[in-house]
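Enquirer: Let me give you the structure first, and then I'll get to my questions.
The values are calculated or read from the model by the stated rules, or taken from the named source; none is laboratory data. This one's a predicted model, so the numbers in the text were calculated from it and none came from an experiment. Note that each Cβ is placed from the backbone with ideal geometry, even for glycine, and that neighbours are counted across all protein chains shown.
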Amino acid sequence: MPTEHHLFMDPLETDEYTLEIDFMHAWDKSLSEDYKVRVVLPEGATNIRLELPFQAHNGATISLDKYFGTLDFYGRPMLVINKPNAVHDICNGLMRVKYNFAQNSMLIEPVQLFFMILCIFVAIIIFYTVEFDLEKKKTKK
């Protein structure tokens with residue numbers, strides 16, 4: 001989902017972000033037997049804090065996993081919130097995820113990709129310049 005209306009930066013601390021989204025969407029205001037929310041944060045996010053609109057001890061399980069997408073070497077942190085028997089009128093409200101993210105950590109993926117492509121080119125150059133013969137060369141007598 002686009003984050004332009006949901007992601008906010010703390011003006012006092014430039015590396016702290018807050019993601020505010022509705023915990024349950026009001027599509028049909030029904031009971032969900034097994035409601036699961038996954039929030040995938042950017043690679044390099046640290047100090048992750050979660051604020052839920054309901055009491056977390058009411059059967060909800062919260063876990064922190066890793067999500068591996070395209071070009072993810074270390075994995076992105078992913079919050080998984082599983083709420084059994086979720087009712088829209090009780091669980092409705094804003095869910096806040098606060099985390100720290102340094103802007104210079106966005107350079108990690110392009111630099112790793114550059115060095116990976118460079119290593120492939122160097123390996124190709126070495127392969128074509130060095131002769132790898134599996135046969136013994138015949139000598140003239």
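Enquirer: Could you go through the range 39-51 and let me know if any residue there is without any contact (Cβ under 8 Å) to a residue 40 or more places away in the chain and under 9 Å from the mean Cα position of the chain (by Cα).
Expert: So far as the range 39-51 goes, yes, one or more of its residues are without any contact (Cβ under 8 Å) to a residue 40 or more places away in the chain and under 9 Å from the mean Cα position of the chain (by Cα).
Enquirer: Sticking with this structure for a sec: Sort out which residues of the range 108-122 are in contact (Cβ under 8 Å) with a residue 24 or more places away in the chain and not hydrophobic (A, V, I, L, M, F, W, C), and write them in order of number. Walk me through it before giving the result.
Expert: Residues of the range 108-122 in contact (Cβ under 8 Å) with a residue 24 or more places away in the chain: 108-109, 112-113.
If the condition is that a residue be in contact (Cβ under 8 Å) with a residue 24 or more places away in the chain and not hydrophobic (A, V, I, L, M, F, W, C), then Glu109, Gln112 are the ones that fit.
Enquirer: Determine, yes or no, whether Asn104 is within 30 Å of Glu13 (Cβ to Cβ), within 21 Å of the chain's Cα centre (by Cα) and without any contact (Cβ under 8 Å) to a residue 24 or more places away in the chain. Write out each step before concluding.
Expert: On the way: within 30 Å of Glu13 (Cβ to Cβ): yes; within 21 Å of the chain's Cα centre (by Cα): yes; without any contact (Cβ under 8 Å) to a residue 24 or more places away in the chain: yes.
Yes: the conditions hold for Asn104.
Enquirer: Right, next: For residues that are at pLDDT 75 or above and either among the hydroxyl-bearing types (Ser, Thr, Tyr) or touching a Leu at 6+ places or on another chain (Cβ under 8 Å) (or both), tally how many sit in the range 9-36. Step through it out loud before you land on a result.
Expert: In the first step, residues of the range 9-36 are kept if they are at pLDDT 75 or above; the result is 9-23, 33-36.
So of that shortlist, the ones also either among the hydroxyl-bearing types (Ser, Thr, Tyr) or touching a Leu at 6+ places or on another chain (Cβ under 8 Å) (or both) come out as 14, 17-23, 35.
Adding up the residues that qualify gives 9.
Enquirer: Another question, then. Determine if the range 81-88 includes at least one residue that is within 25 Å of Thr3 (Cβ to Cβ) and modelled with pLDDT of 90 or more. So that I can check it myself, show each step before the final result.
Expert: Residues of the range 81-88 that are within 25 Å of Thr3 (Cβ to Cβ), as a first pass: 81-83, 86, 88.
From what's left, modelled with pLDDT of 90 or more: none.
Among the residues of the range 81-88, not one is within 25 Å of Thr3 (Cβ to Cβ) and modelled with pLDDT of 90 or more, which makes the answer no.
Enquirer: Suppose we keep only residues that are under 12 Å from Asn82 (Cα atoms) and loosely packed, with under 11 Cβ neighbours inside 10 Å within the range 37-70. Which one would you say is modelled with the highest pLDDT?
Expert: Ser63
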